[in-house]
């Protein structure tokens with residue numbers, strides 16, 4: 001999980017502070033030394049670490065903190081605020097022009113995930129009722145155009161390509177095409193290199209001069225740590241980037257690049273890639289990311305993810321079934337599939353308060369597959385009315401799903417408990433808030449994945 005190592009170390013520091021009650025200046029200095037080491041181990045730039053610790057220390061040794069009844073909580077509050085400040089305080093939006101199309105030029109080194117994230121960005125805009133268009137200007141890398149066409153098709157976004165001709169010519173024609181066919185977002189996928197060179201930068205400068213992009217977005221691989229920051233600085237010096245898209249953040253347990261890039265380059269991170277699927281893509285919110293780092297979760301992003309995958313009409317239907325106590329195993333199966341659309345389970349857990357305390361080894365997406373196997377091994381009558389499932393039926397279901405009778409019993413027990421809870425809530429609670437209905441229908445079944453881990457898959 002993103003920032004896993006840093007989060008663990010910082011929480012250990014804060015746990016020791018809380019155990020001491022009143023704090024002295026010496027306690028704060030000792031804690032800041034540990035914070036400094038934690039940030040350096042997370043591959044945060046040395047200068048950034050030095051400035052960050054100095055700011056936190058200056059505020060943390062103040063009278064308001066040391067004389068507070070909860071000094072440790074005050075220190076955590078200060079660290080949280082300074083982390084937000086370090087990453088930009090607020091989410092930065094795309095520089096939209098008053099007159100479309102908005103031209104976004106994607107750039108980055110080869111292997112950073114530029115082409116895939118161009119499609120992710122296009123899908124993001126499409127969800128927001130824009131009409132994006134992808135342009136294939138990487139004419140050097142083998143199969144680059146084909147790759148963009150494949151991911152563009154998955155995103156449901158048209159790809160404009162003219163084969164392997166001069167990319168500047170393609171860029172020029174693409175703008176004309178977008179205006180002619182009413183596309184309000186233009187995303188240009190440019191060529192990358194294994195390293196920064198004069199030829200690459202000259203080509204990007206020419207494309208920039210020809211298209212006058214409103215946004216020059218650099219895609220950097222979070223797993224490269226400080227190298228990502230160095231790449232960002234080099235591209236900014238040569239090209240004048242306006243923002244950063246950080247890919248593979250979910251795979252980087254350190255997170256140093258995300259904490260360093262704004263301070264070093266002055267350019268904000270606007271989006272992050274959090275997985276391999278096209279929907280594993282988020283706006284970058286500094287305050288939410290700071291909350292994740294400190295183990296407080298990110299419920300707002302989790303709710304947004306749920307709202308994106310849950311159909312409004314389906315949510316209303318399921319809510320009515322819940323309030324009428326007619327929710328059955330077929331509905332449960334639908335809900336589990338909705339949860340799976342939100343991305344890897346480890347990423348969902350990481351957004352829950354306290355989720356950082358759960359061992360990643362205990363989080364297995366195949367748990368959902370086991371539950372699905374149990375439910376699909378039931379007859380239509382059993383799914384509609386689980387109360388008819390007798391011991392002999394349980395044995396048959398367990399055999400058919402490759403599980404144990406205990407697993408079937410556990411699922412049935414959890415299902416019954418959920419029904420009892422919904423019955424107690426009453427109808428009025430469901431009617432009180434439309435948004436809550438939608439969230440509940442998409443989120444209330446996450447606990448149903450608590451079956452034992454599946455055995456290793458035999459190869």
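The values are calculated or read from the model by the stated rules, or taken from the named source; none is laboratory data. All values derive from a computational prediction rather than experimental measurement. Every residue, glycine among them, receives a Cβ derived from its backbone with ideal geometry; neighbour counts consider all protein chains shown.
List of remarks:
- Failed condition for residue 178, given (1) within 25 Å of the chain's Cα centre (by Cα); (2) assigned to a helix (DSSP H, G or I); (3) modelled with pLDDT under 95: (1)
- Of the candidates 157, 168, the single residue that is closer than 14 Å to residue 131 by Cβ, assigned by TED's automatic domain parsing to the domain that holds residue 277 and surrounded by 13 or more Cβ atoms within 10 Å (Cβ to Cβ) is 157.
- Checked against the criteria, residue 250 does not count as closer than 26 Å to residue 285 by Cα, more than 25 Å from the chain's Cα centre (by Cα) and in contact (Cβ under 8 Å) with a residue 24 or more places away in the chain.
- Meeting the requirement of 3 or more residues that are modelled with pLDDT under 80, the helices (runs of 4 or more DSSP H) wholly within region 258-357 are 299-309, 312-323, 329-341, 345-350.
- Entirely in region 1-98, the helices (runs of 4 or more DSSP H) that have 3 or more residues that are at pLDDT 90 or above and either surrounded by fewer than 20 Cβ atoms within 10 Å (Cβ to Cβ) or within 22 Å of the chain's Cα centre (by Cα) (or both): 25-41, 46-60, 71-87
- Of all the listed residues (172, 176, 154), the sole one being in contact (Cβ under 8 Å) with a residue 40 or more places away in the chain and out of contact with any strand residue (DSSP E or B) (no Cβ under 9 Å at 6 or more places or on another chain) is 154.
- Considering 185, 216, the condition of being buried (at least 20 other Cβ atoms within 10 Å of the Cβ), assigned by TED's automatic domain parsing to the domain that holds residue 277, over 22 Å from residue 111 (Cα atoms) and in contact with a helix residue (DSSP H, G or I) (Cβ under 7 Å, 6 or more places away or on another chain) is satisfied by 185 alone.
- In summary, residue 234 fulfils each of the numbered conditions (1) closer than 30 Å to residue 35 by Cβ; (2) touching a helix residue (DSSP H, G or I) at 6+ places or on another chain (Cβ under 8 Å) with the single exception of condition (2).
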